[in-house]
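Contents: one structure, followed by commentary.
The values are calculated or read from the model by the stated rules, or taken from the named source; none is laboratory data. This is a predicted model, so every value here is computed, not measured. Here Cβ is always computed from backbone atoms with ideal geometry, including for glycine, and neighbour counts include all displayed protein chains. Side chains included, ligands, DNA and RNA excluded: accessible areas come from the protein's heavy atoms. Shrake-Rupley method; radii C 1.70, N 1.55, O 1.52, S 1.80 Å.
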Amino acid sequence: MKPILLQGHERSITQIKYNREGDLLFSVAKDTVTNVWYSVNGERLGTYNGHTGAVWCVDCDWDTKNVLTGSADNSCRLWDCETGKQLALLNTNSAVRTCGFDFSGNIIMFSTDKQMGYQCFLNFFDLRDPQQIEDNQPYLTVPCSDHKITSAVWGPLGEFVIAGHENGEINQFSAKSGEILKKAKEHTKQINDIQTSVDLTMFISASKDNTAKLFDSTSLDHIKTFKTERPVNSAAISPIMDHVVMGGGQEAMEVTTTSTRIGKFEARFFHAAYEEEFGRVKGHFGPINCVAFHPDGKSYSSGGEDGYVRIHYFDPQYFDFELEA
């Protein structure tokens, strides 16, 4: 399978995200640019310009009307997907680390970093109420004083947000009251990434403790563990196969001390049921910071520390593949 190489960033990719249909791929990086691409051929559709710091997160609502980005310039911004126009600017006291639309696309959540004397907050805005946006007053703010949120996604039905913390904890925060509904502590180190399955019933967490784990979204029951020998930066669940893909590598700081050959910057495929690795895809000249499956499951993308996004379309053999148990 020959990858499509997307060159639209000058610094390392921080997140990539497909829209629900999968015809568009959004990428954000540490160079302040938010790009949107056609996933079928890798053509760039346009950029969303306005951030003045590294962009940490991006999300798109279910009908691809709006795009949400959060940045280290202490703002979360809402964009019109089609025109690239900025619709709203929400200023914060510290960097915005995670952001997301709920399934309706009406409510957004974003979390801010614990830095410069400010603690970590999880904020909820209702986009149907222009007053909240105008006054920059979220209808709900949840302080996370102990350990900052490093990754967060909406749970099923938009009832709660599943948040991963820097100490390896996973919490469910109610979007109505802000209270913690459930807790799980399966990881020993920071959670780098959380992604849900297509039907939102499960999610996979990628952690610095060299593992990715599969959980039930509602009960937070721990289902499976996928072990590697280096930190996992990102993990995604295939929408059609019992497969997960994981990307990682050393910390960016340690990369310069090894040659590209021993860097082991491959995307790794595991069977979701047997927890066994069955394939690797090489490509990036640096750690893989984020991976995402196309919603139709026929391709996946990865974004690396090298500033490239690669779209890989699977060969026909991939779909017939069965792991011998």
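Fully extending the segment from Arg20 to Thr188, taken as 0.36 nm per residue of separation minus the present Cα-Cα distance, adds 57.2 nm. Ile237 sits with roughly 20 Å² accessible to a 1.4 Å probe, with DNA, RNA and ligands left out of the calculation. Can you tell me how segment 170-243 classifies by the Cα gyration tensor, rounded, prolate or oblate, using a/c under 1.5 as the rounded cut? It is oblate, given that a/c is not under 1.5 and a/b is not larger than b/c. The accessible area of Lys298, taken with all protein chains in place and a 1.4 Å probe, comes to roughly 110 Å². Solvent-accessible surface (1.4 Å probe) assigned to Glu169 amounts to roughly 50 Å².
Residues of segment 101-118 with an amide N closer than 20 Å to a point placed 7 Å from the Cα of Asp63 along the Cα-to-Cβ direction: 101-109. Solvent exposure of segment 8-159 amounts to 41 Å² per residue of accessible area, where only protein heavy atoms count and the probe is 1.4 Å.
Overall shape: oblate for segment 7-134, with the ratio a/c of the largest to smallest alpha carbon gyration tensor axis at 1.5 or above and b/c at least equal to a/b.
Toward the positive end of the charge dipole of the chain, with +1 on the Cβ of Lys and Arg and -1 on the Cβ of Asp and Glu, the farthest Cα among Gly297, Ile107, Asn93 is that of Asn93.
Quick check on segment 92-190: take the gyration tensor over C-alpha atoms, sort the square-rooted eigenvalues as a ≥ b ≥ c, and tell me if it's rounded (a/c under 1.5), prolate or oblate. Walk me through the intermediate numbers first.
Details: a/c = 2.17, a/b = 1.31, b/c = 1.66.
It is oblate, given that a/c is not under 1.5 and a/b is not larger than b/c.
Each Lys or Arg adds one and each Asp or Glu takes one away; over the other residues whose Cβ falls under 13 Å from the Cβ of Ser197, this sums to -2. Volume per residue of the convex hull around the Cα atoms, evaluated for segment 133-195, comes out as 99 Å³. Dipole magnitude for the chain: computed about the Cα centre from +1 point charges on Lys and Arg Cβ and -1 point charges on Asp and Glu Cβ, it is near 680 debye. Across the protein chains, with a 1.4 Å probe defining accessible surface, the residues Glu134, Glu229 rank Glu134, Glu229 from largest area downward. In a fully extended conformation the segment linking Leu5 and Gln137 would gain 43.4 nm over its present Cα-Cα distance, using 0.36 nm per residue. Of all DSSP bridge pairs formed entirely within segment 194-235, close to 100 percent run antiparallel.
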